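The values are calculated or read from the model by the stated rules, or taken from the named source; none is laboratory data. If you're wondering where the values come from, they're calculated on a predicted model, not measured in any experiment. Cβ: placed from backbone, ideal geometry, glycine included. Neighbour counts: every protein chain shown. Protein only, heavy atoms only, side chains kept; ligands, DNA and RNA dropped before computing areas. Shrake-Rupley method; radii C 1.70, N 1.55, O 1.52, S 1.80 Å.
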Amino acid sequence: MKHRITLIPGDGIGPEVTSAAQRVLKEAGAEIEWEAVEAGALALEKYGTPLPDSVLDSIRKNKVALKGPVTTPVGGGFTSVNVTLRKQLNLFANVRPITSKYGMSDRYLNVDMVIIRENTEDVYAGLEQDIAPGVAQTLKIITRVASERIARFAFDYAEKNGRHLVHAVHKANIMKKSDGLFLNTCREISNSYPDIQFKDIIVDNCAMQMVMRPEQFDVMVLTNLYGDIISDLGSGLVGGLGLVPGVNYGEDLAVFEAVHGSAPDIAGKNMANPLAVILSAEQMMRYLGEDHIANHIKHAVIVLLTERQYLTPDMGGTATTTELTDALISEIVH
Ligand code: NAD
């Protein structure tokens, strides 16, 4: 079946890794009509805004997008395109599976966790101000509605995917109101899912436990900032950001993107690991009901990584983005 999908190549390594994913999808037999739109630094130069309406319109129309990373200026400049996109499209759930099954970490062999991050509020609400000289304020917004929605999503995800445990990660010992509301809401929702075990954990302890005994975690539900930080920590356990895919779900929309950013330090050097975006594309195929294509891609990735011949520098090898992609494609077509 032919699919019409929005493509946002993004900034930095974005165009390199998304074009690798497009090549892989094509060779794996996916029939896709791409609608490419620009967001990020280039869009700002060209259209005067980093997130033109055409991007939002295209995703609303096609319902599915593959997105490369977009640069956000630090300490000033334009508001994050990612945050605006997620808010505008109500992409409330960010799902990031973290697994050691690709064998890229010698330290951790039994990692299989799924991070479910609330995507629309918390300190990402963008409510910041200078309240006096030398005093700045960022508001952390947590609502019952958004907490309920993400908690339900996490338990439903656990149920549908044969998982048995959901951890709510919080700092409710200090932020008794905001994190307290999130935690209490998760606990209430857990009562409707008697077959799924529920536990809670304070975020700093969670970080330590993930490094010491990551195998104890199954599904984790977190507010926006903790979800962001814990995802990168989880990526580090299993071989780095180049291996972790992700999806942002709305009510009827899904935007597939890697956890990693635009990696300006390696952009344009043909050395980025394209696998995180390729695995995001694999998840996209599954979402579209193309399990056969998804399985084909996943199998090829596993074979490629097991052979350890074509690894990009982040995985300890010397292969270029193109060489890795070519090797993956020959695995798919052979
Ligand atoms: P980053 O993820 O871009 O890079 C962190 C480190 O990981 C760098 O050393 C980079 O070289 C490496 N890395 C990341 N992806 C890689 C890949 N595919 N292959 C090999 N190495 C890879 O994080 P950062 O440096 O904190 O952020 C850079 C920019 O990206 C910032 O502007 C940030 O706002 C943006 N960002 C965007 C997204 C997104 O669009 N979803 C997510 C995170 C960060």
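Report the one residue of Pro9, Leu51, Asn62 whose Cα lies farthest in the direction of the positive end of the charge dipole of the stretch 3-67 (charges on C-beta: Lys and Arg +1, Asp and Glu -1; origin at the Cα centre). Ranked along the dipole, the leading option is Asn62. A cut-off of 5 Å between modelled amide H atoms, ignoring neighbours fewer than 5 places along the same chain, links His3 with Glu31, Ile32, Glu33. Backbone geometry of the stretch 161-175 corresponds, through the Karplus equation with coefficients 6.51, -1.76 and 1.60 at θ = phi - 60°, to 3J(HN,Hα) couplings of 10, x, 9, 10, 9, 10, 9, 8, 10, 7, 9, 6, 6, 9, 8 Hz, x marking Gly and Pro.
Ligands, DNA and RNA excluded, the heavy atoms of His296 present near 70 Å² of accessible surface to a 1.4 Å solvent probe. In this simple spin-label approximation, Asp112 and Lys176 carry label points 7 Å from Cα along the Cα→Cβ vector, and these lie 4.1 nm apart. Per-residue 3J(HN,Hα) values for the stretch 99-116, derived from phi via the Karplus relation 6.51 cos²θ - 1.76 cosθ + 1.60 with θ = phi - 60°, read 9, 8, 5, 7, x, 9, 10, 7, 7, 10, 10, 10, 8, 7, 10, 10, 8, 10 Hz in sequence order (x marks Gly and Pro). Counting protein heavy atoms only, the chain has 52 percent of its accessible area on carbon and sulfur, 1.4 angstrom probe.
Most tightly packed first, judged by the mean number of other beta-carbon atoms within 10 Å of their residues, the peptides 245-255, 45-55 read 245-255, 45-55. Residues in the stretch 281-287 carry Karplus couplings, in order, of 5, 4, 5, 5, 4, 4, 4 Hz; the curve used is 6.51 cos²θ - 1.76 cosθ + 1.60 with θ = phi - 60°, and Gly or Pro positions show x. Normalised by the number of residues in the stretch 1-150, the mean separation of alpha-carbon contacts (under 8 Å, six or more apart) gives a relative contact order of 19 percent. The magnitude of the dipole of the chain, with charges of +1 and -1 set on the Cβ of Lys/Arg and Asp/Glu and taken from the Cα centre, is near 540 debye. Listed by chain and number, the lysines whose C-alpha is less than 18 Å from the C-alpha of Lys140, apart from same-chain residues fewer than 8 away, are Lys87, Lys171, Lys176, Lys177. Mean separation of Cα pairs under 8 Å and 6 or more residues apart, divided by the residue count, gives the chain a relative contact order of 22 percent. The listed residues Glu282, Glu323 rank as Glu323, Glu282 when sorted by accessible area, largest first, using a 1.4 Å probe. Between the amide H of Gly68 and those of Ile8, Gly10, distances stay under 5 Å, these residues lying 5 or more places away or on another chain, with hydrogens modeled in the peptide plane.
Comparing Ala172, Met104, Gln309 along the charge dipole axis of the chain, the residue lying farthest to the positive side is Ala172, per the Cβ-charge model.
Comparing mean-square fluctuations of Asp200, Asp11, Asp106 from a GNM of the chain with C-alpha springs under 10 Å, the top value falls on Asp106. Here the sum of -39500 (n - 2.57) over DSSP H runs of 4 or more residues, divided by the residues of the chain, equals -12500 deg cm²/dmol at 222 nm, to the nearest 500. Over the stretch 212-334, accessible surface divided per residue gives 38 Å², non-protein components excluded, 1.4 Å probe.
Near the amide H of Leu165, within less than 5 Å, lie the amide hydrogens of Gln197, Val219, all on another chain or at least 5 residues away, with H placed in the peptide plane. Rolling a 1.4 Å probe over the heavy atoms of the protein chains gives the stretch 132-211 an accessible area of 53 Å² per residue.
Taken over the chain, the percentage of Cα pairs per 20 Å bin, counting from 0 up to the bin with the maximum distance, is 31, 60, 9, 0. Once you list every other residue whose beta carbon is under 9 Å from the beta carbon of Ile150, what net charge do they have if Lys and Arg are +1 and Asp and Glu are -1? Once positives and negatives cancel, what remains is +1.
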